[in-house]
1. What is the distance in Å between the Cα centres of the stretch A:37-60 and the stretch A:76-133?
2. Let me know the shape class of the stretch A:18-119, please: from the alpha-carbon gyration tensor, a ≥ b ≥ c as square roots of the eigenvalues, rounded when a/c is under 1.5, otherwise prolate if a/b is greater than b/c, or oblate.
3. Find the relative contact order for chain A and round it to a whole percent, using C-alpha pairs within less than 8 Å whose residues are 6+ positions apart.
4. Work through the residues other than A:A271 whose Cβ is under 12 Å from its Cβ and net out their charges, Lys, Arg +1 and Asp, Glu -1.
5. List the chymotrypsin sites (Phe, Trp or Tyr not before Pro) within the stretch A:147-234 that DSSP assigns to loop and that have no more than 10 neighbouring Cβ atoms inside 10 Å.
6. Decide, for the stretch A:401-443, between rounded, prolate and oblate: order the square roots of the alpha carbon gyration tensor eigenvalues as a ≥ b ≥ c, take rounded if a/c falls under 1.5, and otherwise choose prolate if a/b is larger than b/c, else oblate.
7. Grab the eigenvalues of the alpha-carbon gyration tensor for the stretch A:336-458, scale each by 5, take roots, and send me the semi-axes largest first in whole angstrom.
8. At a Cα cut-off below 27 Å, give the lysines reachable from A:K385, other chains included and same-chain residues fewer than 8 away excluded.
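Read-outs throughout are calculated quantities, based only on the coordinates presented, and are distinct from any laboratory measurement. From a predicted model like this one, the values you see are computed outputs, not experimental measurements. Heads up, the Cβs are rebuilt from the backbone with ideal geometry, glycines too, and the neighbour counts pull from every protein chain shown.
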Amino acid sequence: MAQEQQTEHVGLARVLGPAHVWALGVGIVLVGEYMGWNFAVGKGGAYAALIACWFAGILYSCVAMIDSEVTSTVAAAGGQYTQAKHIVGPLMAFNVGLYLVFAYTMLEAANAITVGFLVDTVATMSGHSGVLDQRPFIILAIMFLAWLNYRGVLATLTFNLVITAIAFSAVIILFLATSGIFTTSPLQHAELMSGPASLPYGWLGILAAMHFGLWYYLGIEGTTQAAEEVRSPARSLPFGTLAGVMTLAIAATLTWYVCSGLMPWEYLGQAGVPLFDAARLSGSTFLMVLLGIGTLFATLASANGCINDASRAWFAMGRDRYLPGWFGAVHPRYRTPYRAIIFLVPIALIFALGAPIDQVITFSILSGLLGYTFMPLNIILFRRKWPLDSIKRGYEHPFHPVPAFVLLALCGTTFFAVFLGYGTQLVAMIAFYIVVSLWFHFWRYRFVNRGAQFTMPWPKPRGY
Amino acid sequence: MDLWNYLEYAAWAASALFGLFIVIDWIKTDSQYSEEFLTSSREGELEALTEEQHHRG
């Protein structure tokens, strides 16, 4: 109890800079460039995937701008949960907190499944005979990253920075090696994308491609979870988030360009690891190894960032008693939300070992999409209750309310696209959130720290 | 038995080690510190804490 006598409080450590914020956001998402985005090609052809990529880019630019403005004033763990708590109300905050935890925990499980698949692929390529048991590698990925997160946020996100930078560099190197700048290009866009192959399902195909178009950027909004651990939130969060969206827009476009120039849309639309396949088709062993390492690193970076973000959201909800206060504990030595990290490990393991990957991914996308739908409402209320002259913002997003309405329209379009392919899951998930909302309203809300949860030194909202 | 079978066993063992570290440290931490102290983090209090520690030197 010696340390306790010296320090009355223990909190998360403010040790991160803008590069860590970038690594958190891009690290979670970059795996989407290595796999997953290409199912958009299967839905509507290569051009449809490119249009979906850029429409999703607009959607996420709106998300990043809105998030950057609000988070630069709400420097607390929990990200959008904390924003909803201060701006909209407790029921919205509870729901947004759950969207975040489910979106990130499901994505972590999907990444761990992918690690198992990658190890199996390498084993087969190296001549292993018989069936490899993927489970120990899936469990190892989750346990190692949970341990890293448990031990401290600086090491966790520095690790993410290194492996994300390597994975991003691999995409750039693949593009430079195949684009024809240095040698003859193997890309054949004209042959692969002409005639019926240009838009095989017409405009409906573009709409359907939007479902997987999100995959290029899904998770960039997770940068806000670092708000309580960055040294300068007002500067680092907008900088890291906006730089992250730009990085992803570049990586997504280059990925599409290389892959669509090497593979016919019928194959690309079903490929498991399209960037790795593109490297193999280039005929270079160096590129094949590099993109293989890039795929593994991108997957680990994503799972690592997901553990970081899901645990911060769960911790913040525990601290405000939206969940049992036991989860609001901070490790006195490592300064991490250690109980939230531990609690989410078995949940991730259950989904990684027991659920099919497409269901896990769909649950993650839908939870993320519900979170994006909340953001336009959030920024409109924020600007109305606290106009620009009432609170100093670290970043003010331009053209308000245009980004909010664009985001709302794109969310509506994407909900329709998801409904076309996964209508049952969409309805089931909305039913789930309605049931837990009723539980929160009629039971859990009585335990919430109603006064103590509003901590930002803001003036009274206009009109109150 | 080839290299990959040994790697499977190594992955099981490493997973167990990481899990053990977490669980042992969790039990040790919870028994060493009071619950009030462990859950003393408050949103927005970090700046105040930093200032306080800075003044104490």
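1. 22
2. Taking the square roots of the gyration eigenvalues as a ≥ b ≥ c, the stretch A:18-119 is prolate.
3. Computed value for chain A: 34 percent relative contact order.
4. -1
5. Passing sites in the stretch A:147-234 are A:F182.
6. oblate
7. Semi-axes (√(5λ), whole Å): 30, 24, 15.
8. The reachable lysines, counting only those whose Cα sits under 27 Å from A:K385, are A:K85, A:K460.
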